[in-house]
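Please read the structure below before turning to the comments.
The values are calculated or read from the model by the stated rules, or taken from the named source; none is laboratory data. What you are looking at is a predicted structure, and each value in this text was computed from that prediction instead of being measured. Because the Cβ atoms are built from the backbone with ideal geometry, glycine has one as well, and the counts that use them run over all protein chains shown. Areas reflect the complete protein model, heavy atoms only, side chains present, ligands, DNA and RNA absent. Shrake-Rupley method; radii C 1.70, N 1.55, O 1.52, S 1.80 Å.
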Amino acid sequence: MPPKSRFTRLDAFTKTVEDARIRTTSGGIVTIVSLIVVLWLAWGEWADYRRIVIHPELIVDKGRGERMEIHMNITFPKLPCELLTLDVMDVSGEQQHGVMHGVNKVRLQPASQGGGVIDMKALALHADDEAATHLDPEYCGSCYSAPAPSTAVKPGCCQTCDEVREAYAQVSWAFGRGEEVEQCQREHYAEKLDEQRQEGCRVEGGLRVNKVVGNFHFAPGRSFSNGNMHVHDLKNYWESPVKHSFEHTVHQLRFGPQLPEDLATKSSKNTPWTNHHLNPLDDVKQSTDDPNFNFMYFVKIVPTSYLPLGWKHSGSNRNLDDSAWIGSYGQSYDGSVETHQYSVTSHKRSLSGGDDAAEGHKERLHARGGIPGVFFSYDISPMKVVNREERAKTFTAFLTGLCAVLGGTLTVAAAVDRGVFEGATRLKKLRSKDL
C-alpha cells in the first residue's frame, strides 16, 4: 500500500471498495430517470443562454440639429384633393405650405361608389397638356394686380391658373373658382373642381421636419401667412354646393421607421409597456357631418433606438442631408434603428361653439371660431429610450447553471435511491420476523 500523502486527510470524497457496493434495480431506474432529467434541464439552460432579450434603458437625448420623418396614410372620404392642403410649421420658424414633396394625394371615388382609387391620370388637377407650353412664346399672362410668384415659369407673368392662385396666396387674397381669370377659363378649372366635389382623398407618403416642437395640419383651401397669422382661403370650401367635412381615417401615422414586430416577443418583461412597435393612432376613425368641425391630436414623441446584438457605434446615418430619399432616416447599415414612439390625446369641437351635452359633459364648453381641419401638434421628449438586444445570460452564468443542474439532480437522485433502498431493506426485515 503506497504511503499516504499530506493531502489524504483533506479528501472530502471518501471512497468505498468494490465489494462494499450494492447495485439494485431501483437504483438503475433512478439513475436512468436522473440522466433524462439532467439532459432536459441542460438543454433548457442552453436554450436560455442562446435566447435574445430586449433590455430597455432611459437616457437623456443629447442629439442636436436633428431632423425626423413623419410617415402618414390618412383618408378623407368627404373632401376632394383639390380642397385639401397639408401645412407644416415649427417653433424654429420653418414653415412648409402646401407640402407636396414626398406626399401623394390620391383621388378616391365617392363612398357610395365604393371609394376606389381613380385612374392615375386623373390624380393631377392640371395635366401636362393643360400647361402653357402650347401658347405663343411672347404670351405673358396677367396676375390680376398681384405680383407674379417667384416660382413662375416666365418671370413677371402668370401663365397658368395655378400660378395666378399662387400669386393671390402670396398677397393673402381669396381666389375662389377663378371664373373671371382667363388662364383658369382656358384650363376649365371651375368645371373640373365641380367634377371632384363628390370625391374623397387619401394622403400618403412622408415628409421631413426639424426635431423640435411643431405641428402639421390638413385644412381646406390654399394656405398663406398674413403677418403672424396662418390662414387658409376657405371660399371654395364654404361656397361648395356639396356638403364637405373632415371625417377621416388614420390608417397609419408614425414618426420615423417602423420598429421590428418581434420587439415585444424579445422583451425580457411581457407587459403592456413593451408595445414599442405599435402606433396608437393606427386605424383610428373620426366621423362627422358638420363642415365646421375641428379635430386636434396632441402628440408626445419619445426618441427611441433599437440596437441589435453585438452593435457597436459607427456614427453612420446620423447626419444625413435633405437630399436623402424619404424613408432613409433612422436606418443604419449596422442594423440599428433610430425612430420615435409616441403617445397621443385627442380633442374635437364644433367651430360654432356649444358644449358636450350630447356626450354627457354639459359642463364642457367650446370656444367659437377657428379653421376646420385635422391638426397634429407634437412635442419632443428630452428623454430617450434605448432598446438593446442582449443575451439572456452570460456564458459564465450558463456554466454555473449547468453545474447546479448536474449537482442538484444527482444529489436528489442519491437521496431518493437511499430512501428506496432503506425502505426495501426494512420491509424485508419485517417480513422475515413474521415468518
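Annotation: I22 fulfils all but one of (1) aliphatic (A, V, I, L, M); (2) over 41 Å from the mean Cα position of the chain (by Cα); (3) at pLDDT 85 or above; the unmet one is (3). Report whether or not L84 is open to solvent by 100 Å² or more (accessible area, probe 1.4 Å) and either touching a strand residue (DSSP E or B) at 6+ places or on another chain (Cβ under 6 Å) or modelled with pLDDT of 90 or more (or both). The answer is no for L84. Of all residues in segment 285-338, those that are within 16 Å of D61 (Cα to Cα) and either modelled with pLDDT of 90 or more or assigned to a loop (DSSP other than H, G, I, E, B) (or both) total 9. Checked against (1) open to solvent by 10 Å² or more (accessible area, probe 1.4 Å); (2) in contact with a Lys or Arg (Cβ under 8 Å, 6 or more places away or on another chain), K192 passes all but condition (2). Based on what the data block shows, is F421 farther than 14 Å from T31 by Cα, in a helix (DSSP H, G or I) and aromatic (F, W, Y)? No; evaluated as a whole, the condition is false for this residue. In this structure, N270 qualifies as open to solvent by 40 Å² or more (accessible area, probe 1.4 Å) and modelled with pLDDT under 90.
Starting from residues that are farther than 20 Å from I70 by Cβ and of a type in the set (V, I, T), keep the ones in segment 373-397 and report whichever is modelled with the highest pLDDT. Only one residue tops the list, namely T396.
Counting only helices (runs of 4 or more DSSP H) that sit wholly inside segment 161-252, those with at least 1 residues that are within 27 Å of S350 (Cβ to Cβ) are 189-195, 235-238. Looking at segment 195-217, which of the residues that are under 16 Å from G116 (Cβ atoms) and of a type in the set (D, E) is surrounded by the most Cβ atoms within 10 Å (Cβ to Cβ)? The extreme case among them is E199.
With respect to the conditions (1) modelled with pLDDT of 85 or more; (2) under 30 Å from E390 (Cβ atoms); (3) among the charged types (D, E, K, R), E66 lacks only one, and its number is (1). Taken as a whole, segment 208-215 holds no residue that is modelled with pLDDT of 85 or more and closer than 19 Å to R107 by Cβ.
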